[in-house]
Amino acid sequence: MLCLIGIYTTGQKFGIRTIFYVFTGVSYAHQASVQVQVEPVGRWFEAFLKRRSRNVSASFQELEEEEELSEEEEDEELQLEEYPMLKTLDPKDWKNQDHYAVLGLAHVRYKATQKQIKAAHKAMVLKHHPDKRKAAGEQIVEGDNDYFTCITKAMEMLSDPVKRRAFDSVDPTFDNMVPSKAEGKENFFVVFAPVFERNSRWSVKKHISSLGSMDASFEEVDNFYSFWYNFDSWREFSYLDEEEKEKAECRDERRWIEKQNRASRAPRKKEEMNRIRTLVDTAYNCDPRIKKFKEEEKARKESEKKAKAEAKKREQEEKERARQAEEEAARMRREKEEEAARQVAQQAKKEKEAQKKAIKKERQKLRTTCKTHSYFTDNEADGVRMMEEVEKLCDRLELTSLQTLNEALASGNKEQSKAALENQVQEVNDQMQKEKEAEMQAQQTARGAEHTSAGGGGGANNRGWNEEDLQLLIKAVNLFPAGTNARWEVIANYMNQHSSSGVKRTAKDVINKAKTLQKLDPHQKDEINRKAFEKFKKEHSVVPQTVDNAVPSERFDAVGAESNSSPWTTEEQKLLEQALKTYPVNTAERWEKISDAVPGRSKKDCMKRYKVSAKAPITKIAFKNI
């Protein structure tokens, strides 16, 4: 049987110590040595790393003795400052107390180590413990109301790294002041250097660029401001939370408290970042080095710009000479072309003006001739109709046709002139009718193609619109103006109730037809309105002499009177409104035609009635569409 009688080492290489174990038998008859390689672990491995980092070969015991000696020196150097307001503190208001001052570390604050905090707490306990004070005959407050609770709470906050960081973030002695521009411009480095050094304690990164001096290079200054413009602060404000999640009774309440606390921290964090940004912006604007760099950069750019401008100027001068020669030649050619084009345009303009004057003259001649012969009729209604036909001729006929017609009217007697005028009117109406039929045919063909492409059959809704349906649609559009609730459904129902064609129209059909009417030629619109007016006038040909609550009118007795002061009847109002629709604003001699359409009323009466009705609340909406 072998027994271990000794251990010795031969050295160390790469953390591996060669150890020899010497074994011997009980009878000492046999001796043998075994070589085993082992690696340091635990605190021995830690000591090995320290020796390697310090490049020394001290043993573990020597390192421990060195650490204990340094700790004792620190404890000897630590001097506590007695807090004069300690005994007056309220334990219930512990959040508002200065924990460093309570432990006597007000002069060290966030730089205090955990060992210093423990030593300070131990000293404060030995001095202010209730048992000590009670033995000395001091009056003690029972329970947690004694000021010794503040010492315990201070130790609790500063011994926990998380809670200590929360308290350090709201350090009551920290100066959040940002220097003004006036202060910074006077002595920039003296004013801002301590401010940046003071605020650097909140940086997550430990390698912080210094403000430097006036001789700092552009890269150093740029790195400094880049660091502070992208400043990453660990400062947080959980210490100021009103609710403590540890007091929550359940998980949901704890989550609610955390949500409330996060919401209250966010504006404080935002305010802190704005303060840092304001500090950096103020320093950047006051930094004389930035001004110097900008001036140097400006001078460099100006010199480069000046050199480029001179080179460009020389190049442009050469091009300018060549360009001026080309422009001179082009200008001469262009002047000749413009002169020729100007003469052609002037000649065309003169011809156009002459033709326009001739057409205007022939139209006026035609109107005068027809008006002189009372439009070749003694009936007032036929006179109005013939007046419309004459206006239609003036719009439709060309110069040669107008000249031929005027010659025919001037050369023949009244009957021949009437026949010539009626023949011309018939030709124009036939031409308009053919155009209208062609357009209707094209619309029906297009509508049929749309229904065919959509897969629809030839139902009743695909049939064309006759004149009565068009007049009824115009009337319904005027009766139900824009803004009416479900306007197009109401118009469709109105047409289905009053139409004699028996065709049922939908809102979609009515909208499509209304859009088509909007695209029609103005002459076709006038034709539709004229027919509607003739129908309306035929239905209301007899004008009653009296109205409700009105005295009998004597306006027909005063034929030659300039103005009629008698009240307007309902029928006269309807005739006036229909005439206003029939003769739009661009119609020549509009008010003469309107007055002719309202029996017994002069041009002045109609204009006056229109102004009064346009201002009345009831008829104002109706007159807007006229």
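The values are calculated or read from the model by the stated rules, or taken from the named source; none is laboratory data. Please read all numbers here as calculations on a predicted model, not as lab measurements. Counting neighbours? That spans all protein chains shown, and the Cβs are built from the backbone with ideal geometry, glycine included. These area figures cover heavy atoms from the full protein model, side chains too; ligands, DNA and RNA do not enter into them. Shrake-Rupley method; radii C 1.70, N 1.55, O 1.52, S 1.80 Å.
Karplus-derived 3J(HN,Hα) values for the stretch 464-474, using 6.51 cos²θ - 1.76 cosθ + 1.60 with θ = phi - 60°, are x, 9, 8, 5, 5, 5, 5, 5, 5, 5, 4 Hz; glycine and proline are entered as x.
Anisotropy class assigned to the stretch 570-614 is rounded, per the alpha carbon gyration tensor with a/c under the 1.5 cut-off. With θ set to phi - 60° and the Karplus curve 6.51 cos²θ - 1.76 cosθ + 1.60, what are the ³J(HN,Hα) couplings of the stretch 38-51 in order, to the nearest whole Hz, using x for Gly and Pro? Whole-Hz 3J(HN,Hα) from phi for the stretch 38-51: 10, 10, x, 9, x, 6, 5, 5, 5, 5, 5, 4, 5, 5.
When 389, 39, 186 are compared by accessible area at a 1.4 angstrom probe, the order from most to least is 186, 39, 389.
Quick one: order 48, 189 from most to least accessible surface, probe 1.4 Å.
Per-residue accessible area, sorted high to low, gives 189, 48.
Apply the a/c threshold of 1.5 to the C-alpha gyration tensor of the stretch 95-226 and tell me whether it is rounded, prolate or oblate. Taking the square roots of the gyration eigenvalues as a ≥ b ≥ c, the stretch 95-226 is prolate.
May I ask you to give the average projected area over all directions of the convex hull of the Cα atoms of the stretch 211-262, in nm² rounded to one decimal?
5.4 nm²
Pairwise Cα distances in the stretch 238-386 exceed 19 Å in 83 percent of cases. Among 406-412, 472-478, 326-332, the peptide with the highest mean count of other Cβ atoms within 10 Å heads the list, and the full ranking is 472-478, 406-412, 326-332.
Residue 445 contributes about 80 Å² of solvent-accessible surface, heavy atoms of the protein only, 1.4 Å probe. Of interest is the spacing of the C-alpha centroids, which for the stretch 208-227 and the stretch 308-352 amounts to 59 Å.
The equivalent ellipsoid that matches the C-alpha gyration tensor of the stretch 86-159 spans semi-axes of 21, 14, 9 angstrom, in descending order. Computed over Cα pairs, the Kirkwood radius of the stretch 467-525 leads via Stokes-Einstein (0.890 mPa s, 25 °C) to a diffusion coefficient of 210 µm² per second. Shape class of the stretch 337-444 from the alpha-carbon gyration tensor: oblate, with a/c at 1.5 or above and b/c at least as large as a/b. Within a straight-line Cα-Cα reach of under 21 Å, residue 504 can be paired with the following lysines, leaving aside sequence neighbours fewer than 8 residues apart in one chain: 475, 513, 515. Here the accessible area of the stretch 337-444 is 47 percent carbon and sulfur, with a 1.4 angstrom probe and all protein chains present.
Semi-axes of the equivalent ellipsoid for the stretch 182-286, computed as √(5λ) from the eigenvalues of its C-alpha gyration tensor and ordered from largest down, come to 38, 13, 10 Å.
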